[in-house]
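*Asks:* Here it is, the structure in full.
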Amino acid sequence: MSDTEPPRDVDERYQASLLRHAVTDVQPLYRQLLRRLKMRDAEEYNEAVGRYESDVAAGGQDVDPLRSWVEYGAWLAQLLAPGRLVSIDRDGRAIEPGGTPPLGPLLLHLPEENGERAMPIAVPAEPSAAQEAARQLLCAAPGGGRSG
């Protein structure tokens, strides 16, 4: 592949999109969510695997693989715990994106149920201090551990 030729392989396009949007690999985050779902409900887990195969794995050349992954992760978090998606900008301001989630800022799923921890959906490769503080505060497991 030349430097000017766009990557063709899905994994190459995914890696290029991670770099372009300065986002860390989302796949480990979603594996954790899938493990939680599998332990809770085998039928919903099978639905999630089917959706992965149709929406993420089968992505075409015209679809940004990172976008497919992030949309899948937001859907998966919603399946685990109904709530809302928020984007945290570099200054720490939360914005409900509505529609297609943005790529680049910190994206968190905030469950509606009190006591549920936020779920990271996408984390910047180099989060600002405000983004990291928000993630630590909202995603940390009770007792000071981190959930993602």
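The values are calculated or read from the model by the stated rules, or taken from the named source; none is laboratory data. Note that this is a predicted model, so its numbers are computed, not measured. Note that we place each Cβ from the backbone using ideal geometry, even for glycine, and neighbour counts take in every protein chain shown.
*Asks:* Looking only at residues in the range 10-29 that are surrounded by 11 or more Cβ atoms within 10 Å (Cβ to Cβ) and closer than 15 Å to residue 57 by Cα, which one is modelled with the lowest pLDDT?
*Replies:* Result: 10.
*Asks:* Name, by its number, the condition in (1) within 22 Å of residue 19 (Cβ to Cβ); (2) at pLDDT 95 or above that does not hold for residue 118.
*Replies:* It fails just one condition, (1).
*Asks:* Same structure, new question: Going through the range 102-125 one residue at a time, which ones are without any contact (Cβ under 8 Å) to a residue 60 or more places away in the chain, over 20 Å from residue 34 (Cα atoms) and either touching a His at 6+ places or on another chain (Cβ under 8 Å) or assigned to a loop (DSSP other than H, G, I, E, B) (or both)? It would help to see each step written out before you state the result.
*Replies:* Applying the first criterion (without any contact (Cβ under 8 Å) to a residue 60 or more places away in the chain) to the range 102-125 yields 102, 105-118.
From what is left, the residues that are over 20 Å from residue 34 (Cα atoms) are 102, 105-106, 114-115.
Across the range 102-125, the qualifying residues are 102, 105, 114, 115.
*Asks:* One residue is enough: does the range 13-24 have a residue meeting the conditions closer than 19 Å to residue 125 by Cβ, in contact with a Phe, Trp or Tyr (Cβ under 6 Å, 6 or more places away or on another chain) and in contact (Cβ under 8 Å) with a residue 40 or more places away in the chain? Explain how you work it out, then say what you get.
*Replies:* At the first step, the residues of the range 13-24 found to be closer than 19 Å to residue 125 by Cβ are 13-24.
After this cut, where a residue has to be in contact with a Phe, Trp or Tyr (Cβ under 6 Å, 6 or more places away or on another chain) as well, the list is none.
No, that holds for no residue.
*Asks:* Quick one: is residue 138 surrounded by 16 or more Cβ atoms within 10 Å (Cβ to Cβ), over 14 Å from the mean Cα position of the chain (by Cα) and more than 30 Å from residue 12 (Cβ to Cβ)? Even if it seems obvious, please write down each step before you answer.
*Replies:* Details: surrounded by 16 or more Cβ atoms within 10 Å (Cβ to Cβ): yes; over 14 Å from the mean Cα position of the chain (by Cα): yes; more than 30 Å from residue 12 (Cβ to Cβ): yes.
It is true that residue 138 is surrounded by 16 or more Cβ atoms within 10 Å (Cβ to Cβ), over 14 Å from the mean Cα position of the chain (by Cα) and more than 30 Å from residue 12 (Cβ to Cβ).
For (1) of a type in the set (Phe, Trp, Tyr); (2) farther than 28 Å from residue 16 by Cβ; (3) in contact with a helix residue (DSSP H, G or I) (Cβ under 6 Å, 6 or more places away or on another chain), each residue gets a yes or a no:
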{"position": "39", "(1), (2), (3)": "no, yes, no"}
{"position": "49", "(1), (2), (3)": "no, no, no"}
{"position": "59", "(1), (2), (3)": "no, no, yes"}
{"position": "64", "(1), (2), (3)": "no, no, yes"}
{"position": "68", "(1), (2), (3)": "no, no, yes"}
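*Asks:* I'm trying to understand the selection: among the residues of the range 40-94, which are assigned to a loop (DSSP other than H, G, I, E, B) and of a type in the set (Asp, Glu)?
*Replies:* Passing the criteria: 41, 62, 64, 89, 91.
*Asks:* Another one. Looking only at the range 30-71, count every residue that is touching a residue at least 24 places away in the same chain (Cβ under 8 Å), closer than 18 Å to residue 97 by Cβ and surrounded by 20 or more Cβ atoms within 10 Å (Cβ to Cβ) and tell me the total.
*Replies:* 3
*Asks:* Is it the case, given these coordinates, that residue 64 is at pLDDT 95 or above and of a type in the set (Asp, Glu)? Explain how you work it out, then say what you get.
*Replies:* Numbers: at pLDDT 95 or above: no; of a type in the set (Asp, Glu): yes.
Taking the combined requirement at face value, the residue does not satisfy it.
*Asks:* If you go through the range 94-104 one residue at a time, do you hit one that is modelled with pLDDT under 95, charged (D, E, K, R) and surrounded by 13 or more Cβ atoms within 10 Å (Cβ to Cβ)?
*Replies:* No, the range 94-104 contains no residue that is modelled with pLDDT under 95, charged (D, E, K, R) and surrounded by 13 or more Cβ atoms within 10 Å (Cβ to Cβ).
*Asks:* Does any residue of the range 16-30 turn out to be out of contact with any strand residue (DSSP E or B) (no Cβ under 8 Å at 6 or more places or on another chain) and assigned to a loop (DSSP other than H, G, I, E, B)?
*Replies:* yes
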